[in-house]
Structures are given as structure tokens and as C-alpha cells.
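S.K.: There's a structure below that I have some questions on.
The values are calculated or read from the model by the stated rules, or taken from the named source; none is laboratory data. None of the values given here were measured: they were computed from a predicted structure. Cβ placement follows ideal geometry from the backbone for every residue including glycine, while neighbour counts extend to all protein chains displayed.
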Amino acid sequence: MNKTKKRIAALVLLAALVVVFFLVYRHFSPRPQAGSKHVSVEVVDAEGASKVYETATDAEFLSGVMDELAASTDFSYEGTDSEYGLMITHVNGLRADYVEDGAYWAIYVNGAYGEYGADSQPVTDGDAYSFVYESAN
């Protein structure tokens, strides 16, 4: 009986130590800084007029930055999901429809034509992203 009491006391002590270590870790663990990546997003419309949005973000992909900008600025976009990812149809109210008028929203990353769609384009600190209205006609 005495051994059982000692085992129970040891288990209670062990459980208490685990809880204390967890609370200490949680209290003193490093916290991520909000907005650790600083990026710019430029919108170039059909006439070549440009508007630039500067933001700090923790978004992993460009579509996350777009969502954040839409929630906090006058930036807006619409799109549809396709087998290739997010197909952007409107940016800041301007529609680009390749089937109808041969226009589309091109994504540029640091001045180079983007290799990914908005929902798969990784966001890197210091990068400049552009949505440019382009016409194939």
C-alpha cells in the first residue's frame, strides 16, 4: 500500500512539473511579429495609370496579401477558382476578360513576369508585386 501511495505522489508531482514547464514555455516563448514581411502591390490599369499599396504582412501567398489589402484599403479584386488556380477577373473594379476582349491581369514579381498564380505565388520580404492590365489585341 505504501508503494502505491509513493507512485501516485510521484505521478502527481510529475504532472505538476509538466504543467509548470508548459506555462513557463508559453509565457517566455518567442512571439511572431505581425507584419514581418514588407511588400508593395501595384495596380496598373488599362490606361497605364498606377496605384501602389505598401503593406506589412505575414501572408504566405500573394492572394493572402490581396485579402488583407481588400480588408484595409480601397484595393479590390474578384476572381474564380479554376483548375489552374485563382483566375483574377477584376482588380479595383476594372474587368479583364480574355474571352470577350482579349484582356487579362498579368502578375509581375519585382518587374519580371510572374511564374505563378496569385494563390500560389510565395510572398517574400521586400518584393514588389504588380497587377497589370494587359490586352492580347
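S.K.: Looking only at region 121-137, count every residue that is closer than 18 Å to TYR84 by Cβ and either modelled with pLDDT under 95 or touching a helix residue (DSSP H, G or I) at 6+ places or on another chain (Cβ under 6 Å) (or both) and tell me the total. Before you say what the answer is, go through the steps one by one.
M.R.: Our first condition is that a residue be closer than 18 Å to TYR84 by Cβ; within region 121-137, this holds for 121-122, 131, 134, 136.
Those left that are additionally either modelled with pLDDT under 95 or touching a helix residue (DSSP H, G or I) at 6+ places or on another chain (Cβ under 6 Å) (or both): 121, 136.
Of the residues in region 121-137, 2 are closer than 18 Å to TYR84 by Cβ and either modelled with pLDDT under 95 or touching a helix residue (DSSP H, G or I) at 6+ places or on another chain (Cβ under 6 Å) (or both).
S.K.: So in region 42-62, with the set limited to residues that are among the hydrophobic types (A, V, I, L, M, F, W, C) and touching a Lys or Arg at 6+ places or on another chain (Cβ under 9 Å), which one is nearest to ASP127 (Cα to Cα)?
M.R.: Residues of region 42-62 among the hydrophobic types (A, V, I, L, M, F, W, C): 43-44, 46, 49, 52, 56, 59, 61-62.
Then drop every residue that is not touching a Lys or Arg at 6+ places or on another chain (Cβ under 9 Å), which leaves 43-44, 56, 59.
Details: VAL43: 15, VAL44: 17, ALA56: 11, ALA59: 13 Å.
This residue is ALA56.
S.K.: Looking only at region 100-131, count every residue that is in a strand (DSSP E or B) and either surrounded by 14 or more Cβ atoms within 10 Å (Cβ to Cβ) or hydrophobic (A, V, I, L, M, F, W, C) (or both) and tell me the total. Outline the logic, then answer.
M.R.: Here is the first cut: in region 100-131, the ones in a strand (DSSP E or B) are 103-109, 112-113, 122, 128-131.
In the following step, the residues that additionally are either surrounded by 14 or more Cβ atoms within 10 Å (Cβ to Cβ) or hydrophobic (A, V, I, L, M, F, W, C) (or both) were identified as 103-109, 112, 128-131.
Number satisfying all stated conditions: 12.
S.K.: Any idea which of SER40, SER36, SER72 is closer than 30 Å to GLY111 by Cα, modelled with pLDDT under 95 and out of contact with any Leu (no Cβ under 9 Å at 6 or more places or on another chain)?
M.R.: Numbers: SER40 fails: modelled with pLDDT under 95; SER72 fails: modelled with pLDDT under 95.
Only one candidate passes the filter, namely SER36.
S.K.: Does LEU62 satisfy being surrounded by 18 or more Cβ atoms within 10 Å (Cβ to Cβ), at pLDDT below 95 and either in contact with a Gly (Cβ under 9 Å, 6 or more places away or on another chain) or not basic (Lys, Arg) (or both)?
M.R.: Values: surrounded by 18 or more Cβ atoms within 10 Å (Cβ to Cβ): yes; at pLDDT below 95: no; either in contact with a Gly (Cβ under 9 Å, 6 or more places away or on another chain) or not basic (Lys, Arg) (or both): yes.
So LEU62 does not fit the description; no.
S.K.: In region 57-86, which residues are out of contact with any helix residue (DSSP H, G or I) (no Cβ under 8 Å at 6 or more places or on another chain) and assigned to a strand (DSSP E or B)?
M.R.: Passing the criteria: PHE61, GLU78, GLY79, THR80, ASP81, SER82, GLY85.
S.K.: Let me ask something additional. Working carefully through the options TYR84, TYR77, find the one that is within 19 Å of ALA106 (Cβ to Cβ) and exposed (fewer than 14 other Cβ atoms within 10 Å of the Cβ).
M.R.: Numbers: TYR77 fails: exposed (fewer than 14 other Cβ atoms within 10 Å of the Cβ).
Answer to the check: TYR84.
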